[in-house]
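Structure record follows, encoded as structure tokens.
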Amino acid sequence: MDTRTNPTLLKQHLIDPAICIRCGACEAACPIQAISHDANNYVVDPSICEQCLACIPGCPTGAIDNWRMVPKARAYALDEQFGWFDLPEELTPAQLAEFGVASPDEDAGVAEAPQTLAQSKAALAVEPTEGGVPASPAGGHTARTPPWSAAHAYVNLYGARAAQKTVTATCTGNVRVTEVGKDYDTHHVILDFGAMPFPMLEGQSIGVIAPGLDARGQPHFARQYSVASARNGERPGYNNVSLTIKRVLEDYEGNPVRGVASNFMCDLKVGDKVEVIGPFGATFLMPNHPKSHIVMICTGTGSAPMRAMTEWRRRLRKSGKFEGGKLLLFFGARSKEELPYFGPLQSLPRDFIDIHFAFSRTPGQPKTYVQDRLRERAADLAPLLQDGNCFFYVCGLKAMEDGVMQALRDVAQGAGLNWDEVGERLKKEGRLHLETY
Ligand SMILES: Cc1cc2nc3c(=O)[nH]c(=O)nc-3n(C[C@H](O)[C@H](O)[C@H](O)COP(=O)(O)OP(=O)(O)OC[C@H]3O[C@@H](n4cnc5c(N)ncnc54)[C@H](O)[C@@H]3O)c2cc1C
């Protein structure tokens, strides 16, 4: 007997709170809004979840891939899941019997996928659209595979399920990269791993566990930060990475808060220790083949992976052994004072990178967003959308996602292209990657 023949049993989809790094990838990927979160946990609503598995591939840690056999009438409710620190144990046959439910057969074990592979694949292929624009762009056209020429990314070397739970890094640098005196305080932080292996590629991220306990008396959960350095280290040949971290002093509604991890990181002094997990991310990776083009679209700290890719290409160019393609950067901020790395970016040669800034709050200037700059460059972008050697990356605030996707759609349609076809191709070929938070 299994759940397909036993109507009283449910193979309930659950997220392991002990492993989850609260990145939100599952919630963005779910086509039917079965996944939600509060300040503590990400949870799956058993009354909505159709077990289509669309959320599974994007989870960086595997926290999403957990299942428990429960009596249907006693499925774990959302309130229960929000309060968890760990997943509950699997119910024993005796406990199931107490609920009047027969145990599943041995061969219908909990690790088995809840549906056939064909059903799951079909569900993954179907995503709801509103007027041609994916309801959730991150779950829509974003690729689930890396570029074909990406290097191999190591993931989850440290974490709850790894042999070693964390690695201790040492802060070897911390400088402010936005203008001092302005509200928007962003830091360039360098962490060194000493003799501990921590291989990173541009586009990957790490998890930082701030010291101390949260309001529930538990260790803080990890916050994710994109690496801003190239694969061979912030300083070439060193086992270090750099991060671009914005100090969070307001929540999304504008209320004053003191973000736990961002403040810990922005206050680091040289020599301070940081507990790190990861690396995470196996798809938002750069192409490595000669003449491959890269279009980078970002806001604020979304510039971190773009800095990493740009720096790697700069080092390759310097070596004289690699012929890179075009690099285009569309970078938005409220003002130039709030734009991380504004100075260094300006000194990059024009024939190396084509940069377009968009400022939304410069006194006396009209508000400009990255999507406006994309539309201005439509004549250059339309051929790149069709070029199999061009890869697109979007990173930054969640709020930018819809506008950027709409702009890319307009660029395609303005050139007489069918966006649904172009978008699907970008996705299939690992050529469009979104990471917003
Ligand atoms: C894949 C990924 C990559 C990321 N990369 C970076 C990066 O490169 N640089 C970076 O600075 N951040 C990055 N983040 C965001 C980062 O993980 C944290 O969410 C952020 O630093 C806030 O953590 P905190 O502990 O300081 O705040 P918390 O203590 O977690 O939150 C305090 C309050 O602020 C709100 N809040 C959380 N984040 C923000 C925010 N960004 N803006 C405004 N309010 C917020 C929360 O809802 C909460 O109410 C990334 C997130 C993801 C998922």
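Values computed for the structure shown
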item: Condition check for A195: more than 8 Å from the ligand (Cβ to nearest atom), open to solvent by 30 Å² or more (accessible area, probe 1.4 Å) and modelled with pLDDT under 95; result: no
item: Answer from V133, V126 - the residue that is open to solvent by less than 50 Å² (accessible area, probe 1.4 Å) and modelled with pLDDT under 85; result: V133
item: Enumeration of residues in segment 63-84 that are hydrophobic (A, V, I, L, M, F, W, C) and either open to solvent by 80 Å² or more (accessible area, probe 1.4 Å) or touching a strand residue (DSSP E or B) at 6+ places or on another chain (Cβ under 7 Å) (or both); result: W67, M69, V70, A73, A75, L78, F82
item: Number of the exception - T310 against (1) farther than 24 Å from V180 by Cβ; (2) among the hydroxyl-bearing types (S, T, Y); (3) within 14 Å of the ligand (Cβ to nearest atom); result: (3)
item: Filtered residues of segment 294-307 (kept if near the ligand (Cβ under 10 Å from one of its atoms) and of a type in the set (A, V, I, L, M)); result: A304
item: Of residues in segment 405-428 being part of a helix (DSSP H, G or I) and of a type in the set (G, A, S), the one most open to solvent (accessible area, probe 1.4 Å); result: G414
item: Of all residues making up segment 207-223, the number that are under 14 Å from F280 (Cβ atoms) and of a type in the set (K, R); result: 1
item: Any hit, segment 246-256, residues being more than 8 Å from the ligand (Cβ to nearest atom), in contact (Cβ under 8 Å) with a residue 24 or more places away in the chain and assigned to a loop (DSSP other than H, G, I, E, B); result: yes
item: Scan of segment 199-215 for residues that are closer than 20 Å to P146 by Cβ and open to solvent by 10 Å² or more (accessible area, probe 1.4 Å), ordered by number; result: P199, M200, L201
item: Looking only at segment 216-245, and only at residues there that are farther than 20 Å from Y341 by Cα and within 10 Å of the ligand (Cβ to nearest atom), the one that is surrounded by the most Cβ atoms within 10 Å (Cβ to Cβ); result: A222
item: Which listed residue is over 25 Å from I245 (Cβ atoms) and among the basic types (K, R), from K336, K321; result: K321
item: Positions within segment 392-437 being within 13 Å of the ligand (Cβ to nearest atom), among the β-branched types (V, I, T) and at pLDDT 95 or above, in sequence order; result: V394
item: Residue list for segment 257-278, filter: within 8 Å of the ligand (Cβ to nearest atom), open to solvent by less than 70 Å² (accessible area, probe 1.4 Å) and farther than 26 Å from L201 by Cβ; result: V257, G259, V260, N263
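The values are calculated or read from the model by the stated rules, or taken from the named source; none is laboratory data. On a predicted model such as this, the values are computed, not experimentally measured, just so you know. For neighbour counting, all protein chains shown are included, and Cβ atoms are generated from backbone atoms with ideal geometry for every residue, glycine included. For accessibility, only protein heavy atoms count, side chains too; no ligands or nucleic acids. Shrake-Rupley method; radii C 1.70, N 1.55, O 1.52, S 1.80 Å.
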